[in-house]
Amino acid sequence: MTDTPLNFGDPEDLERLRHDFRAWLAGHPLPERPADEPLPVFLHRWHRQLHSGGWVGLDVPEQYGGRGLTALHQVTVSDELGARGAPGVPRIGYLAHALLRFGSEEQRRRLLPRMLSGDDVWCQGFSEPGAGSDLAGMSTYAERRPEGHYIVNGQKLWTSYAQYSGLCLLLARTDRAAPAHTSISAFLLPLDRPGVTVRPLRAANGDDEFCELFLDDVRLEEFERIGAEGDGWPLAMTTVAYERNAQDTGHLSKYGLLIERLRRAAHERRGTLPDGLLSDIGRCAVDYQVLVAHARRRTAERLAGQSAGPESSVDKLLMTRAEQRLYETALKVFPEELYGEGGEVLGDYFYSRAASVYGGTSQIQRNIIAKRLLGLPVGPRA
Amino acid sequence: MERDEFTLVRDMLRAFATRFRSGSADDVKAQTRTDAQRALDELGLTGLRRTSPPAATAQECALLAEEHGRQPLTTSLLGTALLAPELLRLLDEGERAEPVHGARPTVALAGDLRFPDRDAVGLVAWDCDGADTALLVHAEGRVTEHELGSPAPTADLLRGVRRASAEGRPVGRITPGAHRSWQAYALVVVASELVGAARAFVEQSVDYARERHQYGQPIGSFQAVQHQIADATVLVEACTSATRYAAWCLDSETPGRALTAARVAKAEVNSSAVEAVYAGMQVFGGIAQTWEHVAHLYLRRALVGATTLATTSDLLTVLAAPEGTR
């Protein structure tokens, strides 16, 4: 944490970008989503549209298909989308950063431009039935054959939108004996590879975002490994650190839009609101705007040379607080969603309950803050 | 200020704070207060916001207020060095100003320490150690100078508050834009001091959790204690981000955006600084509940600070209004 003034961005430079982006948006309105179109398909069309205007991967170097600008530029684009009620920027920032840091030059040049353009759709194969937040408990095994390739066996769970993806960032153990932080490796798994089975799993909100992934004698080549053998642990830590930052996941714009909807609804029903509901809405606005300020501070710190680390657990807990309180309040403002057919708010409410579970549970985040950020002593193991 | 110039000023304030901090409530005496204020005055910080453009940015002033909040200090850095000079600076840009009679103004607030509304009664001079007069900004932008009266009681043992005369002498006006900037700046400066206090107290509780043993283990190794400290840390980080961003907005954004950011920061700090101090007190356990421990000095500061200028309820009501109706 710095105790000298932070640069939250050059207002003129960012204003110019905002102006250009608005002008582009005016000529490229949000595509229509047919009632029967699955959300990821719609978001993918939106991703491609944004990319055609040069609005994806602003902070990725130009030689890899980005624009070589800063994270603050990407933040500005996110802000603007949120203000307009458009879906956020594609959630690929964390994957891009994992490749930038651990991928070979060949992998960066081959994979990043296709990731940014949406030609390749990625998912993430980290969690397992026996190991959710506890990555050290992972049992998927990639056995290295004398010829150099790997044979992978195991099962992954909570792999978001695998049925719409072509590639998976897969973690697998490459050494059964060594401790977790040196025995896990990362791979690039094409999901059409023989031996891969994808099975969607219906979630509490009715959506089939989550998938199970079964891997039976799947062959992966050596060049499909990302980083060295045993780099899987630091790669996962980098990836989840970025994934826990609200700015990188594009959640902010979604929250901002809903809060404005709640404010308007409350304004129209003045005098008939249940006690305390106005305060609840104000509190949601505070949570959201604190999150915006916090994401900007993190971005400014990142630009000042600090990399994403255990601090991202703070980000994740703040994001969880904002999201869960927001959708609880939204259900109070729109109680009809509970008694009718349900709707978007009810669906998002269920999704918000997962916020304290996915990407590492809230309890895991607190452990990380206590031990890695504050250096508190390791406790007795039960 | 240049970066190294700011570092110098901050280090000066840090050295001052280490020397004049109150080790316990028993150290808070009239003589020690006077000595501390004299020593603070010698640092010459009243010039930071007096000129246009100001010598220090709002961001720098906010960081100094944060530093001031880290130790239990009785000195009036906020009222006399940061807030009153800023008000005079904004006044200079508005309509013609009458001279201020007092040599050392602080700011006046309503009796409940909030921003005065149209019929504010029971005015007080807030944060008045070393001050000889108090400036009041009326709801419609008029600024008046008020005489200081007898000490007014407050639960914050560190903060000097005195009654102020009901009638004031006019000294000028500030424009509506300047009024928004003024409110934003005041909210940010007050919030910053509370951020410093909450952060420092949580840090002290982390150190204590490492040293204090129970059941043959440092208590900081117990997950129940770790999670409590982790939650307090999250709250402090939220306060820090919101407040520092709001300070940056004062230097870089329109007064309207700066005021929204400042309201958000104060609302977050109002609830989270108190919660963070509660968590720290729980970690310290029994000793923190005693008069001699510094814990209650931090708690008192956070508790009163949470109602100063704008209460949570004031702020949440405004922030619940749709854009454009505020």
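Quick notes on this one:
- Sites listed here are GluC sites (Glu not before Pro) in the stretch A:262-358 whose DSSP assignment is loop and whose Cβ has at most 13 other Cβ atoms within 10 Å: A:Glu341.
- Temperature 37 °C, viscosity 0.692 mPa s: under these conditions the Stokes-Einstein estimate for the protein assembly as shown, based on its Kirkwood radius over C-alpha pairs, is 120 µm² per second.
- The stretch B:1-144: Rg to Rh, with Rh as the Kirkwood radius over Cα pairs: 0.98
- The residues neighbouring A:Leu201, those whose beta-carbon lies less than 13 Å from its own, together hold a net charge of -1 under the Lys/Arg +1, Asp/Glu -1 convention.
- Ranking B:Phe20, B:Gln289, B:Leu45 by Cα position along the charge dipole of the protein assembly as shown, where only Lys, Arg, Asp and Glu carry charges on their C-beta atoms, puts B:Gln289 farthest toward the positive end.
- Extent along the principal axes, Cα only, for the stretch B:196-326: 59, 26, 24 Å, with the longest axis given first.
- In the protein assembly as shown, a dipole from Cβ-located charges (positive for Lys and Arg, negative for Asp and Glu) runs towards its positive end, and of B:Pro218, A:Leu6, A:Val290 it is B:Pro218 whose Cα lies farthest in that direction.
- As computed over the stretch A:195-337, the Cα convex hull volume per residue (Å³): 140
- The residues neighbouring B:Gln71, those whose beta-carbon lies less than 10 Å from its own, together hold a net charge of +3 under the Lys/Arg +1, Asp/Glu -1 convention.
- Percent accessible area from carbon and sulfur atoms, the stretch A:154-264, protein chains only, probe 1.4 Å: 51
- Translational D in µm²/s for the stretch B:242-305 (Stokes-Einstein at 10 °C, 1.306 mPa s, Kirkwood Rh from C-alpha pairs): 121
- The separation of the stretch A:180-211 from the stretch B:38-70, counted between C-alpha centres, amounts to 55 Å.
- The A and B chains share an interface that buries close to 4100 Å² of accessible area, total over both sides, probe 1.4 Å.
- Inter-part distance where the stretch B:201-238 and the stretch B:133-150 are each reduced to a Cα centre, Å: 44
- List of the stretch B:256-298 residues, accessible area with partners at least 40 Å² below that of the chain alone (1.4 Å probe): B:Val264, B:Glu268
- Percent RCO, i.e. relative contact order, over the stretch A:158-214, from Cα pairs under 8 Å lying at least 6 residues apart: 40
- Given chain B, longest segment not containing exposed loop chymotrypsin sites (Phe, Trp or Tyr not before Pro) (DSSP; at most 12 other Cβ within 10 Å): B:1-214
- The stretch B:111-233 - accessible surface per residue (Å², probe 1.4 Å): 40
- Rg over Rh [alpha-carbon atoms, Kirkwood Rh] for the stretch A:106-165: 1.05
- The ellipsoid equivalent to the alpha-carbon distribution of the stretch A:1-115 has semi-axes of 24, 22, 13 angstrom, derived from the gyration tensor eigenvalues as √(5λ) and listed largest first.
- On a per residue basis, the stretch A:161-308 carries 40 Å² of accessible surface, using protein heavy atoms and a 1.4 Å probe.
- Computed magnitude of the charge dipole of the stretch B:72-161 (debye, nearest 20; Cβ of K, R +1, Cβ of D, E -1): 120
- Binning the C-alpha pair distances of chain A at 10 Å intervals from 0 yields a P(r) profile of 5, 21, 32, 27, 12, 3, 0, 0 %, listed from the shortest bin outward.
- Applying both filters, DSSP loop and at most 15 other Cβ atoms within 10 Å, to the trypsin sites (Lys or Arg not before Pro) of the stretch B:57-140 gives B:Arg96, B:Arg118.
- Among the trypsin sites (Lys or Arg not before Pro) found in the stretch A:108-194, those both in a DSSP coil and sparsely packed, with 16 or fewer other Cβ atoms within 10 Å of their Cβ, are A:Arg176.
- Eigenvalues of the alpha-carbon gyration tensor of the stretch A:134-274, scaled by 5 and square-rooted, set the equivalent ellipsoid semi-axes at 40, 17, 12 angstrom, largest first.
- Taking a point 7 Å out from the Cα of B:Thr175 in the direction of its Cβ, the residues of the stretch B:251-274 whose backbone N falls within less than 17 Å of it are B:251-259.
- Burial ranking of peptide ranges A:350-358, A:364-372 (average Cβ count within 10 Å, highest at the top): A:364-372, A:350-358
- Dividing the summed -39500 (n - 2.57) terms of all DSSP H runs of n ≥ 4 by the residue count of the protein assembly as shown sets its mean residue ellipticity at 222 nm at -16000 deg cm²/dmol.
- Using every pair of separate Cα atoms, the Kirkwood estimate puts the hydrodynamic radius of chain B at 20.0 angstrom.
- Here the Karplus relation 6.51 cos²θ - 1.76 cosθ + 1.60, evaluated at θ = phi - 60°, turns the backbone of the stretch A:21-32 into coupling constants of 5, 4, 4, 5, 4, 4, x, 10, x, 4, x, 6 Hz, with x for every Gly and Pro.
- Cβ charges +1 (Lys, Arg) and -1 (Asp, Glu), total dipole of chain B, debye: 200
- Sulfur and carbon atoms: percent of accessible area, chain B [1.4 Å]: 52
- Fraction of accessible area attributable to carbon and sulfur, the stretch A:291-360 (%, probe 1.4 Å): 54
- Shielding score for A:337-345, defined as the mean number of other chain Cβ atoms within 10 Å: 0
- Counting, for every residue in A:2-13, the Cβ atoms of other protein chains within 10 Å of its Cβ and taking the mean gives 5.
- Charge dipole (Cα centre; +1 on Lys/Arg Cβ, -1 on Asp/Glu Cβ; no other charges) of the protein assembly as shown amounts to roughly 540 debye.
The values are calculated or read from the model by the stated rules, or taken from the named source; none is laboratory data. Everything numeric here is computed off the predicted structure, so don't read it as measured data. Using ideal geometry, Cβ is built from the backbone for each residue, glycine included, and neighbour counts are taken over all protein chains shown. Quick note on the areas: whole protein, heavy atoms, side chains included, nothing else; ligands and nucleic acids left out. Shrake-Rupley method; radii C 1.70, N 1.55, O 1.52, S 1.80 Å.
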